[in-house]
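The block underneath contains the structure these notes are about, expressed in structure tokens.
Derivation of every value follows stated rules applied to the coordinates shown; laboratory data play no part. Every value quoted in this text rests on a predicted model; they were computed, and no experiment measured them. Glycine gets a Cβ as well: all are built from the backbone with ideal geometry, and neighbour counts include every protein chain shown.
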């Protein structure tokens with residue numbers, strides 16, 4: 001490739017090096033009640049409820065607090081039996097102890113029993129006291145109700161300790177272990193960082209969401225955390241092998257479902273030249289991969305613009321992702337099973353490089369395309385919120401996008417297509433959750449950039465119904481690193497700067513999808 005072609009394609013290279021790295025796992029979840037701290041307040045005697053001293057759900061009760069009074073004919077009878085047994089104490093001492101034990105079973109204290117014995121007075125009402133402190137979750141009875149022994153009056157939860165319950169994808173589970181420290185935040189408590197330890201990892205995968213539950217126990221200082229609050233968690237895990245791993249950026253890798261490919265720069269060539277090489281990848285970090293096999297320290301590889309180099313290789317008939325043996329790229333009908341698009345590259349009049357190098361499965365149903373189209377439509381509303389620089393609206397629209405993504409039926413895909421969608425789904429979920437869970441417009445825009453690229457890749461892979469998508473680019477976003485977004489029109493409305501530079505950018509590629 002010539003120097004000018006490299007500049008137009010924004011190709012950048014790096015030297016492969018070694019270094020220590022760690023995995024940052026982002027998890028999303030909710031606060032839930034600590035089930036070990038749930039208790040039911042029960043009646044110890046049968047009878048009629050004369051008075052409830054706690055009448056409102058959500059009310060706080062303290063251990064030892066009077067919570068109810070119950071009129072019990074059976075309790076009256078038992079007290080009379082004790083008094084009568086006392087009159088025959090010398091002849092039948094066992095009767096006295098049996099009568100006392102019956103009252104103890106109904107939760108009368110030895111002090112109360114002693115008062116009855118000394119006074120000879122029968123109490124017609126039994127007082128019930130709370131056996132724990134907490135918040136009333138549910139009041140089960142009303143005054144005047146007749147209840148049996150053991151009937152539940154209230155359900156009470158102690159909120160001094162709660163659970164953070166997160167959903168972890170299958171690929172995240174190797175990085176999570178028992179007693180691992182996790183930090184998390186809650187939108188309802190801005191500025192505070194909470195810490196807990198992993199106390200439970202679900203042994204089963206949810207077949208619908210392909211996630212497992214991760215539970216963290218947390219001290220709830222000041223009861224700031226309330227059940228059902230959304231929370232965002234972060235786990236940091238060192239690579240288990242440790243030491244100096246060979247690391248490359250994720251942007252350097254072309255992944256076809258079976259092979260991982262990079263382009264290695266040929267040293268000492270007259271003009272910039274690159275050669276495709278298959279490699280084996282290890283663990284995936286946030287923005288990097290660990291290389292297991294295929295690269296050596298000190299080699300120079302393409303880090304950005306890998307698709308551009310691959311497209312140029314295909315046009316030249318050289319070995320490439322689509323044609324590993326070289327020659328013209330095959331059409332989808334020449335492949336068995338999975339269809340591939342050929343690479344197409346062209347420098348248009350505006351000087352931008354248009355590239356189409358996307359693996360496309362055969363026979364994607366119209367129903368699946370329709371569901372993906374609904375995701376795209378929801379995305380456009382979220383994009384408009386960024387154009388308006390409205391963080392709150394962007395978060396709300398992101399939730400709608402997330403709902404549309406979760407409504408996509410992956411059962412409509414088979415074989416390689418299903419695997420490819422699962423890869424897209426993981427990255428889409430992570431990005432959209434970052435937008436939905438944030439109120440910081442700049443942080444949201446960073447996640448929006450990644451989401452836009454992943455969504456466009458999914459759209460190019462699976463298609464839409466009756467849509468034209470404009471893939472647009474702002475070269476000044478993120479300190480001149482640049483960022484893309486999708487639009488329904490060719491007019492530029494920049495979501496990264498809003499009114500400050502509303503028309504900054506250009507259309508890099510236009511994709512039209514039929515019915």
Overall dimensions of region 60-129 as given by Cα atoms, namely Rg and Dmax in Å: 13.2, 50
Where does helix 415-436 land angle-wise versus the long Cα axis of the chain, in degrees 0 to 90, nearest 10? 70
Can you sort 504, 474 from fewest to most other Cβ atoms within 10 Å of each residue's own Cβ? 504, 474
Principal-axis tilt of helix 366-387 within the chain, Cα atoms, nearest 10 degrees: 90
At a 10 Å Cβ-Cβ cut-off, how would you order 56, 115, fewest neighbours first? 56, 115
Cα→Cβ-extended label distance, 7 Å offset, between residue 363 and residue 316, nm: 3.8
Computed [θ] at 222 nm, deg cm²/dmol, the chain (DSSP H ≥ 4; -39,500 (n - 2.57); rounded to nearest 500): -9000 deg cm²/dmol
Restricting attention to the alpha-carbon atoms of region 139-295, what are Rg (one decimal) and Dmax (integer), both in Å? 24.8, 97
Can you give the FRET efficiency to the nearest 0.05 for residue 293 and residue 491, using r as the Cβ-Cβ distance and R₀ = 60 Å? 0.80
Label-point gap, in nm, between residue 4 and residue 183 - each point 7 angstrom along Cα→Cβ: 5.0
Computed label-point distance, nm, for sites residue 86 and residue 268 using a 7 Å Cα→Cβ extension: 11.1
C-alpha center-to-center spacing [region 1-41, region 107-155] in angstrom: 56
Per the 1/(1 + (r/R0)^6) rule, R0 = 45 Å and r from the Cβ atoms of residue 280 and residue 224, FRET efficiency to 0.05 is 0.45
Span per principal axis, largest first, for the Cα atoms of region 38-157 (Å): 53, 24, 21
Helix 93-105 against the longest principal axis of the chain: what's the angle in degrees, Cα atoms only, rounded to the nearest 10? 30
Where only alpha carbons of region 366-513 are counted, the Rg and the Dmax (Å): 14.6, 46
Based on the Cβ-Cβ distance from residue 60 to residue 30, what FRET efficiency comes out when R0 is 25 Å, to the nearest 0.05? 0.65
Residue exposure sequence - 178, 382, 229 - by fewest surrounding Cβ within 10 Å: 178, 229, 382
